[in-house]
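Laboratory data are not the source of any read-out in this text; all were calculated from the coordinates shown. Quantities reported herein were computed from a predicted structural model and do not represent experimental measurements. Glycine gets a Cβ as well: all are built from the backbone with ideal geometry, and neighbour counts include every protein chain shown.
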Amino acid sequence: MKLVYVDNNATTRVNDEVLEEMLPYFKEYYGNPSSLHAFGSRVAGKIDIARERVANLLGADTSEIVFTSCGTESNNNAIHCSLEANPKKRHVVTTKVEHPAVLNVCRYFGKQGYEVTELSVDKDGMLDLDELRDSIKDNTAIVSIMYANNETGVIFPIEEISKIVKEKGVLFHCDAVQAVGKIPINLRNSYIDLLSLSGHKLHAPKGIGALYIRKGVRIDPLIIGGHQEDNRRSGTENVPYIIGLGKACELAKEFIKEEQMCVKDLRDKLEKGIKDKISHVKIIGENTTRLPNTSNISFEYIEGEAILLLLDMAGIAASSGSACTTGSAEPSHVLQAMGVPPSQSRGAIRFSFSRYNTYDDINYILEKLPPIVKRLRDLSPVFEDSQHATKT
Ligand code: PLP
């Protein structure tokens with residue numbers, strides 16, 4: 001059976017060149033980078049190169065990159081430590097559509113007595129920038145807003161947002177886990193103070209991430225211990241994974257433009273094919289700027305979980321939203337915030353592409369999906385009334 005993986009916002013396949021660069025650092029060059037002997041110094045040099053590659057992808061300075069274990073740790077570090085650094089400021093601003101790795105951190109601080117403002121989005125998933133401006137107060141310690149949404153791919157105007165936050169003199173953190181490697185990011189002339197990224201979203205392994213901390217921003221470490229990462233993140237470095245992240249960033253920098261054009265073409269072909277072949281579908285966030293690789297499509301009157309199950313049986317791996325909320329009976333908090341009615345949000349499927357997808361994959365999905373939707377709608381009493389209109 002053909003296998004088609006279109007769940008790349010959940011995680012990506014490790015690139016061959018990335019793996020190749022990592023492998024010698026398990027068995028041959030296994031020194032501790034803090035050791036003074038050759039085993040250690042050789043490894044330390046490789047970490048420097050990886051840091052340069054990450055900084056280069058972001059338009060940052062090497063001194064601004066701290067390696068972490070994942071995007072979640074980077075987000076926790078940014079928010080937690082900004083609040084600790086500003087103990088008199090007891091207000092946090094974020095949005096209703098953040099990943100749980102930001103939203104639940106803010107809500108945790110809400111339970112500790114902080115005031116938390118969760119900004120709304122409109123039906124296209126966009127923020128009201130006047131509402132953002134008005135929400136920032138004298139006691140706001142940090143504003144944390146994502147670059148691109150993991151479920152819908154909607155991209156926020158981060159440069160404009162960061163400028164508004166900077167004008168108010170408040171720290172700005174951006175969860176860019178879904179954006180890094182997919183769209184060009186240049187922090188050189190930006191007002192972003194802190195930015196999170198994660199290796200496994202850009203063809204490096206799971207379990208490695210980084211936090212960009214702009215020069216001059218002072219926050220204490222989240223993980224305290226030895227002197228690693230210039231005292232900003234203790235713990236012996238995860239050398240092979242850091243090297244892998246560096247290589248993945250180098251490849252992303254080199255190929256981002258042509259790769260994302262190809263990926264967008266695949267995405268657009270799938271969306272057109274689905275609209276041509278299936279009735280009662282809605283592309284979430286269609287009218288706004290989205291990541292080139294992401295498509296969130298709602299199939300009205302049927303359950304997304306049922307579609308996923310049948311797609312899986314046909315060898316197609318997609319998702320009903322964030323992998324971190326899979327299994328929860330609650331409709332997606334992102335689609336809820338966008339005001340998508342339950343009849344649509346329940347049948348929403350996310351297809352997310354990578355450099356490894358092909359036109360064959362799209363044709364295969366377009367062959368398998370319409371009969372699956374028809375089969376489920378035939379079983380759906382809610383769909384009965386609108387059956388004449390369907391083209392499947
Ligand atoms: N932020 C966003 C927007 C994400 O999509 C994810 C993962 O899906 C994370 C944070 C968490 O990253 P990690 O899995 O590396 O902890």
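In table form, for the structure just shown:
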item	result
Candidates K247, K272 - the one that is closer than 30 Å to Y30 by Cβ, part of a helix (DSSP H, G or I) and not aliphatic (A, V, I, L, M)	K247
So T72, is it part of a strand (DSSP E or B) and either more than 15 Å from the ligand (Cβ to nearest atom) or not aliphatic (A, V, I, L, M) (or both)	no
Which listed residue, of E64, E98, E73, is in contact (Cβ under 8 Å) with a residue 40 or more places away in the chain and within 16 Å of I208 (Cβ to Cβ)	E73
Residue list for the stretch 125-168, restricted to those being among the acidic types (D, E) and within 16 Å of the ligand (Cβ to nearest atom)	E151
Residue count for the stretch 85-114, restricted to those that are more than 16 Å from the ligand (Cβ to nearest atom) and closer than 23 Å to V217 by Cα	11
Selection count, the stretch 221-267, where residues are in contact with a strand residue (DSSP E or B) (Cβ under 6 Å, 6 or more places away or on another chain) and on the phi > 0 side of the Ramachandran plot	1
Extreme residue, farthest from I284 (Cα to Cα), among residues of the stretch 294-309 that are β-branched (V, I, T) and within 24 Å of the chain's Cα centre (by Cα)	I307
Lone qualifier among H203, H173 - being in contact with a Ser or Thr (Cβ under 6 Å, 6 or more places away or on another chain), within 16 Å of the ligand (Cβ to nearest atom) and under 18 Å from N8 (Cβ atoms)	H203
Qualifying residue in the stretch 198-220 (condition: surrounded by 20 or more Cβ atoms within 10 Å (Cβ to Cβ) and either on the phi > 0 side of the Ramachandran plot or charged (D, E, K, R) (or both))	yes
